[in-house]
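The values are calculated or read from the model by the stated rules, or taken from the named source; none is laboratory data. Computed from a prediction, not measured in an experiment: that's the story for all the values here. Please note: Cβ atoms are built from the backbone with ideal geometry, for glycine as well, and neighbour counts cover all protein chains shown. Side chains are part of the model used for accessible areas, which takes the heavy atoms of the whole protein and leaves out ligands, DNA and RNA. Shrake-Rupley method; radii C 1.70, N 1.55, O 1.52, S 1.80 Å.
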There are 2 protein chains.
Amino acid sequence: MDAVVSTNAKPGAAARRSQLERRREAERRLLQAAERIVAERGLERFTLAEIGEAAGYSRGLPAHYFGSKEGLVGALATHIVSGFGRGAARAEKHPAGLERLLGVASYYFESAGRDPVRTRVLFAVLGEALTNEALRTRIGELNAHSVKPIADNIRAGIAAGDIRKSVNANATATLILSGLRGAVTQWLIDPKHIDLKTVRAEFIASLKRSLAP
Amino acid sequence: MDAVVSTNAKPGAAARRSQLERRREAERRLLQAAERIVAERGLERFTLAEIGEAAGYSRGLPAHYFGSKEGLVGALATHIVSGFGRGAARAEKHPAGLERLLGVASYYFESAGRDPVRTRVLFAVLGEALTNEALRTRIGELNAHSVKPIADNIRAGIAAGDIRKSVNANATATLILSGLRGAVTQWLIDPKHIDLKTVRAEFIASLKRSLAP
DNA sequence: AATAATTTGCTTGTCAGCCAACAAATAACA
DNA sequence: TGTTATTTGTTGGCTGACAAGCAAATTATT
């Protein structure tokens, strides 16, 4: 395999970089390669060696850095999950309330469409959490972090009179998150039969209806 | 490990059974054991040998029947998926329309609560479909079979005047299925923080609202 | 500045354990 | 006795893990 041809070629021959830079870049490239491969084949059907080589390094490096295969999967999960959280926070344009809630939902679909590889990995991790204790706790945190802003917006919407008073903020927020995840999962499994924009529009519409005062 | 102690002990010493019975039972027991183990550890982290022994047979039998590990996973997926389809069909008490639709949704939650092991396997398969071509086609069929009755009920409900005319039956049916799956997934990952009955009630309520004329 | 000493990053060699797959033997049934 | 079901023996390939070595960078010494 010609490891040289890569989306993000390594510097020519020389190019003095500090140890820290070397290390950081190597780690970044390893996770990036892992992302690509895991998006295609899932969290089990790969070898440490191929990740190393796909990243343009040796077969031994992943084990050297991450200690074990489990360690690599954990690092990847953290990487993806935290990256996703950061993106969501940035997307909050409207003041808290119904509008922002709808914006968050839209963002969910848009970011899935924009970066299907990363999204696929995120959802592979979510699926794996069903049967993997270590991931489950990480996902528990992600859930909490994801539900909270939704619930907050519901409460703000209720206070502002945009959302009817009888909705249970936390339960509904959980259900909204589930709905978002379910819809995106469907699209990832069967992108040919499901148009993401249509799904997004329907989702938003039904959300408005079920929250309307 | 004492394979004798099993939920469903093998007949004592003798007990004359036909070859067909022997074979059928063995296969049933193997799939049952696979179900238990996969529910705990996912679709990859098990060995053919342990399935055989957990079922009370030898380590070699799974490979003998299913040919390969992939074959076993495929058979398990088919088993689970088809079993689930059968159950859903039986639950149709009301005449087609909104009531039956709500019944189908309830059934989804109830069957998850009644048989969490099987449900966990189903959802592990759904998750695995993201990154496994072979499963993807099977799940594509399941999706079609699952969406159709929902969409039919929506159409019937519209005809009967229980559901407003402007809903797009197919798109909404897809979204409802996604919502069901998403909600059950959340519960499976984090059963301590999510009460299935509450989620079911909220789901049904919001369904009524968003379909109401 | 130059170079020696040391640390840190990365690669290559190696091995032990695991496990799927197949073949041959044995047991249950007809 | 013949046939089908099941078990046991065996093997060959894979791969995670670790250790030892080489290379690049940093620090210390002069």
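Would you mind stating whether residue A:39 is buried (at least 18 other Cβ atoms within 10 Å of the Cβ), within 14 Å of DNA strand D (Cβ to nearest atom), within 29 Å of residue A:109 (Cβ to Cβ) and of a type in the set (A, V, I, L, M, F, W, C)? Spelling it out, it is not the case that residue A:39 is buried (at least 18 other Cβ atoms within 10 Å of the Cβ), within 14 Å of DNA strand D (Cβ to nearest atom), within 29 Å of residue A:109 (Cβ to Cβ) and of a type in the set (A, V, I, L, M, F, W, C). Under the condition of being more than 16 Å from DNA strand C (Cβ to nearest atom) and without any contact (Cβ under 8 Å) to a residue 24 or more places away in the chain, which residue from segment A:47-88 is surrounded by the most Cβ atoms within 10 Å (Cβ to Cβ)? Only one residue tops the list, namely A:82. Residue A:127 meets each of the listed conditions (1) closer than 27 Å to residue B:171 by Cβ; (2) surrounded by fewer than 23 Cβ atoms within 10 Å (Cβ to Cβ); (3) within 7 Å of another protein chain (Cβ to nearest Cβ); (4) in contact with an Asp or Glu (Cβ under 8 Å, 6 or more places away or on another chain) apart from (2). Report the residue count in segment B:14-42 for those that are within 14 Å of DNA strand C (Cβ to nearest atom) and in a helix (DSSP H, G or I). Of the residues in that region, 14 qualify. Of the residues making up segment B:92-109, just one is open to solvent by less than 30 Å² (accessible area, probe 1.4 Å) and outside any helix (DSSP H, G or I), namely B:97. Cβ separations smaller than 7 Å between residues 6+ apart or across chains give the following pairs from segment B:90-102 residues that are in the same structural domain as residue B:150 (by TED's automatic domain parsing) to residues that are open to solvent by 60 Å² or more (accessible area, probe 1.4 Å) and not in a helix (DSSP H, G or I): B:97/B:162; B:98/B:162; B:100/B:92; B:100/B:94. Here residue A:178 passes the criteria (1) more than 11 Å from every other protein chain (Cβ to nearest Cβ); (2) surrounded by 22 or more Cβ atoms within 10 Å (Cβ to Cβ); (3) part of a helix (DSSP H, G or I) except the one numbered (1).
Inspection of segment A:156-175 identifies no residue that is within 11 Å of another protein chain (Cβ to nearest Cβ) and acidic (Asp, Glu).
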